[in-house]
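The values are calculated or read from the model by the stated rules, or taken from the named source; none is laboratory data. Quick caveat, the model's predicted, so the values are computed rather than measured. No Cβ is skipped: glycine too gets one built from the backbone with ideal geometry, and neighbour counts run over all protein chains shown. Calculation scope for accessible area: heavy atoms of the full protein, side chains included, ligands and nucleic acids excluded. Shrake-Rupley method; radii C 1.70, N 1.55, O 1.52, S 1.80 Å.
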There are 2 protein chains.
Amino acid sequence: MKLYSMHSKFYVAVDCIIFGYDIAEKEIKLLLIKRSFEPAKGNWSLAGGFVNEDESLDAAASRVLSSLTGLKNVYMKQLHSYGEVKRDPEARVISTAYWSLIKIKDIDKELSDKNEAHWQSLKKLPKLIFDHKSMVDNAMSELQVQIKIKPVGFELLPEKFTLVQLFDLYEAIYQRTIDKRNFRKKIITMNILEKLDEKEKVTSKRGAYYFRFIKERYKKVVLGGFYFNLDVN
Amino acid sequence: MKLYSMHSKFYVAVDCIIFGYDIAEKEIKLLLIKRSFEPAKGNWSLAGGFVNEDESLDAAASRVLSSLTGLKNVYMKQLHSYGEVKRDPEARVISTAYWSLIKIKDIDKELSDKNEAHWQSLKKLPKLIFDHKSMVDNAMSELQVQIKIKPVGFELLPEKFTLVQLFDLYEAIYQRTIDKRNFRKKIITMNILEKLDEKEKVTSKRGAYYFRFIKERYKKVVLGGFYFNLDVN
DNA sequence: TTAATAAATGTAAAAAATACACTCTATAAT
DNA sequence: ATTATAGAGTGTATTTTTTACATTTATTAA
């Protein structure tokens, strides 16, 4: 049982880039915490944690996310592993980053407060520890790629949303203006949304119809060779 | 210096999915080795190795690739980290996979022979150890994505190549037939190739003109907002 | 009744993708 | 010298997709 004993062992951590969307402010936000231990205690950091003996990387990332937000089974993908020798000044730690999309209103406020977690606007991020800023940058690039080709935007919106809200979300992620009519045309043509009878009447007198993303419809059209694509001008 | 000492440490390895292209057989090949140590000694495996204390993940992957092929500074990207608890039956090992594109003729034959490395056709892969098969599948998917949107195909071809060779490479990676005229039209229009005066005259009497990929031209058009796209019918 | 505000809508033009079959060139065989 | 062969190379019309762009509609509060 010591076939590998001549090799070195390492601390392995996971870090989570947790994206949320603020509908009112039309902004992507990141869930950051004040680091609770040394080194760099008290500094802004991604949610992270060390991997345990009996859990996979994916499980560790889920645990970290869940311990901060109370959420399980949310959208989470592995991003990249960061393995520079000196990335953590304290010791050699290899970190696998995961990015995740959640609905801000779904988090357990008590839990996140206890862990000193705060939603920070992507546009004015504080300084982050270690290489966490480049993790965020890479995750944002990945989000910008995925939002065009997979229906991941709905992970950031409530069950019911208006086309204007969806449109604003896309503008926030693309970080540019897009054509409203072409956007609506394209998403409607995809036939993966259901229009509800209900209207959102807070932001306008006329009100905007709510829509719902129908995962089953999406799966069905994908089987028929459909490729999601919202790379609109 | 023991801030993290309550946490577990792990063996960390890298595995390399090394792709090559066989022009004559029009096939993508994988560089596999006969594993030289237990467990699973003698079985087919990806090129891999344990990470050392003083090297980054990227450096470890480069070392593994180089020790098997003699090659440095080739196309290599991190793919994914595999962290299932029981993925290696001997001990907990977390492995970060890298995929790489090389020119088969460039490898140091003596080195690769010594390591019992063999090029295997992707179409009839032998059984691989642990989770290496899923690493290969994931890498192949990634290659199929990247070949469409980045000029990575040229990494698999010699400096000089004919349009027929490039076309065959794309068919091999897409795993479907594509339209010859539309393909030629599209790649020529991109203006990133230089036509040479020389002809390849082995495979036909008439001969086919050699072309060369001009990286500088590619970089220039990218700055002008050009997006490489060879997703042709 | 009217003013105000955001939601919703359609069409024409341009660009890109697709489908498709014959000619050209060089050599080797007669 | 002529011809057969085999792979390299080429153009156009049609369809589909993308783009650009401005007015009308619905509701409420004044």
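Points to keep in mind about this one:
- Fraction of accessible area attributable to carbon and sulfur, the protein assembly as shown (%, probe 1.4 Å): 49 percent
- For the cross-link pairs A:K109/A:K148; B:K34/B:K148; A:K77/B:K77; A:K150/A:K185, the ones whose C-alpha atoms lie over 22 Å apart are A:K109/A:K148; B:K34/B:K148.
- Amide N proximity, segment B:123-144 versus B:V85 label position 7 Å along Cα-to-Cβ, cut-off under 16 Å: none
- Bridge orientation summary for the protein assembly as shown: considering DSSP beta bridges with both residues in this region, about 75 percent are antiparallel.
- Estimated 222 nm signal from helices in the protein assembly as shown, with DSSP H stretches of n ≥ 4 weighted -39500 (n - 2.57), rounded to 500: -9000 deg cm²/dmol
- A simple rule links phi to the HN-Hα coupling: the Karplus curve 6.51 cos²θ - 1.76 cosθ + 1.60 with θ = phi - 60°, which for segment A:109-117 gives 4, 4, 4, 5, 4, 4, 8, 6, 9 Hz, with x for Gly and Pro.
- Quarter of Cα convex hull surface for segment A:72-114, i.e. mean projection, nm²: 4.4 nm²
- Within 10 Å of each Cβ in B:78-90, the average number of Cβ atoms from other chains: 5
- Taking a point 7 Å from the Cα of A:K77 along the Cα-to-Cβ direction, the residues of segment A:150-185 with backbone N closer than 11 Å to it are A:150-153.
- Against the main long axis of the alpha-carbon atoms of chain B, helix B:163-174 sits at an angle near 40°.
- Listed residues B:A97, B:S66, B:C16: farthest to the positive end of the dipole of segment B:1-113 (Cβ charges): B:A97
- Cross-link partners for A:K133 among the aspartates and glutamates, with Cα-Cα distance under 15 Å and sequence neighbours closer than 8 places in the same chain left out: A:D15, A:E84, A:D88, A:E142.
- If you take the alpha carbon atoms of segment B:101-192 and fit the smallest convex hull around them, that volume is 114 Å³ per residue.
- Area buried, chain A against chain B - accessible surface, total, 1.4 angstrom probe, square angstrom: 3300 Å²
- For peptide A:4-15, the mean count of partner chain Cβ atoms within 10 Å of a residue's Cβ comes to 6.
- Kirkwood hydrodynamic radius computed over segment A:158-200 comes to 11.2 Å, based on all pairs of distinct alpha carbons.
- Placing unit charges on the Cβ atoms only, positive for Lys and Arg and negative for Asp and Glu, gives the protein assembly as shown a dipole magnitude near 1760 debye about its Cα centre.
- DSSP-loop chymotrypsin sites (Phe, Trp or Tyr not before Pro) across segment B:1-105, with at most 12 other Cβ within 10 angstrom: B:F37
- Unit Cα scatterers, Debye sum, segment B:33-136: log10 I(q)/I(0) for q = 0.21, 0.22, 0.24 Å⁻¹: -1.37, -1.51, -1.73
- Stokes-Einstein diffusion coefficient of chain B, Kirkwood radius over Cα pairs, 37 °C, 0.692 mPa s, in µm²/s: 169 µm²/s
- For segment A:27-44, backbone phi angles converted through the Karplus equation (6.51, -1.76, 1.60; θ = phi - 60°) give residue-by-residue couplings of 9, 7, 10, 10, 8, 10, 10, 7, 4, 9, 9, 6, x, 6, 3, x, 8, 6 Hz, Gly and Pro being listed as x.
- Normalising the Debye intensity of the protein assembly as shown to I(0), with uniform scatterers on Cα atoms only, and taking log10 at q = 0.09, 0.10, 0.11 Å⁻¹ returns -0.73, -0.90, -1.06.
- Coarse-grained scattering of segment B:133-233 at q = 0.13, 0.20, 0.25 Å⁻¹, given as base-10 log I(q)/I(0) from a Debye sum over alpha-carbon atoms: -0.49, -1.09, -1.49
- In the distance distribution for segment A:2-78, Cα-Cα pairs more than 22 Å apart total 37 percent.
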